[in-house]
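One structure is given below, encoded as C-alpha cells.
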Amino acid sequence: MTGGAPLTALIAAIERGLLVLDGWEQRSLRFAGWIEAVTPEDAAPAFGRILSSAFHHRTPGGKVLAESAGLALLDGHWPEEHRVHTREAAAALELAVTSAFLLAPEIPDHDERAFEVPDYGGDRPLTLGERRALASQPSRRIIARALLDPHPMVALRLLGNPQVVEADVLRIASRRPAPPSVLAELARHSRWRGRPRVAAALAHNPWTPHAHAVSLLPGLPRALVRDVSEDGRVSADLGDAARILLENRP
C-alpha cells in the first residue's frame with residue numbers, strides 16, 4: 001500500500017479510532033501502535049499528510065490526529081528504529097513535511113544548577129519534593145515563585161495546578177533565558193500546548209528544544225506560523241519548517 005485511496009482510508013480509520021478515546025496519553029499510544037504497524041515507506045507520506053491536513057483544513061478529527069502524532073514523538077512512544085527508517089524513507093521520497101517534522105525528541109537535562117532556584121520563604125532552601133508539593137498549592141504567592149523554578153518536575157506539577165491561568169503559563173513560555181527542560185515540559189503538556197498564544201511564545205523562544213518547537217506549528221493559525229517563518233531570531237531549521245508547512249498543502 002503506497003499513497004492514494006488506500007492511504008487515505010487508513011488515515012481516516014485511525015482518526016476514527018482516536019476520536020473515541022478521551023485522554024491524550026491513550027491517543028498517542030494508539031497512534032504509535034498504528035504507525036509501527038505500517039511500513040516506513042507508507043508511514044512517511046502518511047505522517048506528512050496528517051500534519052499538512054491538520055494545518056490547512058482545520059477539522060476537529062485532523063487536529064486530534066496531528067496532536068496524537070506529535071505527542072507520540074515527544075513522549076517517545078514512536079519506536080526509534082521505525083522512526084529512523086521512516087525519516088530515511090521521507091528523504092528518499094523527497095517528502096519535505098515529514099523530513100522537517102519527524103524529529104527525534106530531545107530530552108534536556110534539568111537546569112537547576114544553571115538557573116537560580118527562587119526563594120520560597122523560610123529559613124532554609126527547600127528540597128525538590130517540598131517545591132513540588134508547594135507547586136500544587138492554590139496560593140498565588142507560591143505560584144508566582146514556582147513560575148521561576150528551574151526544575152521540570154516542579155513545572156509539571158505547577159502546570160496541572162487548577163489555579164494556574166494562561167497569563168501565568170505565558171510567563172514561563174516567554175522567559176529568556178529559560179531552562180530548556182521546563183519549556184519542553186510545557187510544550188508537551190496537553191492542557192497548554194494547544195493554546196495558540198502559549199504555543200506561539202514557545203515557538204519564538206530560542207530556548208525551546210527544536211523538536212518541541214516544531215511539533216507546535218501544525219496546531220497554530222496560519223498567521224502565527226508565518227510570524228515564526230519571518231522571525232530571524234529563531235533557528236534556520238525552525239523557520240524552514242514553518243515555511244514548508246505553509247507551502248505544502250495536502
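Just to be sure before I move on: is VAL154 over 28 Å from ARG58 (Cβ atoms), touching a helix residue (DSSP H, G or I) at 6+ places or on another chain (Cβ under 8 Å) and outside any loop (DSSP other than H, G, I, E, B) in the structure I sent? Yes, satisfied. Only one entry in ARG131, ARG141 is crowded, with 16+ Cβ neighbours inside 10 Å and over 24 Å from the mean Cα position of the chain (by Cα), namely ARG131. The single residue among ARG197, ARG249, ARG191, ARG233 that is at pLDDT 95 or above and of a type in the set (Lys, Arg) turns out to be ARG197.
Counting only helices (runs of 4 or more DSSP H) that fall entirely inside segment 157-233 and contain at least 1 residues that are charged (D, E, K, R) and closer than 24 Å to VAL97 by Cβ, the qualifying elements are 222-229. Would it be correct to say that ILE11 is in a helix (DSSP H, G or I) and within 16 Å of PRO250 (Cβ to Cβ)? Answer is yes for this residue. Return yes when ALA89 is modelled with pLDDT of 95 or more and either among the aliphatic types (A, V, I, L, M) or surrounded by fewer than 24 Cβ atoms within 10 Å (Cβ to Cβ) (or both) and no when it is not. The answer is yes for ALA89. Please tell me if ASP149 is under 23 Å from the mean Cα position of the chain (by Cα), assigned to a loop (DSSP other than H, G, I, E, B) and at pLDDT 95 or above. Here the answer is yes, as ASP149 does meet what is asked.
The values are calculated or read from the model by the stated rules, or taken from the named source; none is laboratory data. None of these values were measured; they are calculated from a predicted model. Methodologically, a virtual Cβ is constructed for each residue, glycine included, from the backbone with ideal geometry; neighbour enumeration extends over all protein chains shown.
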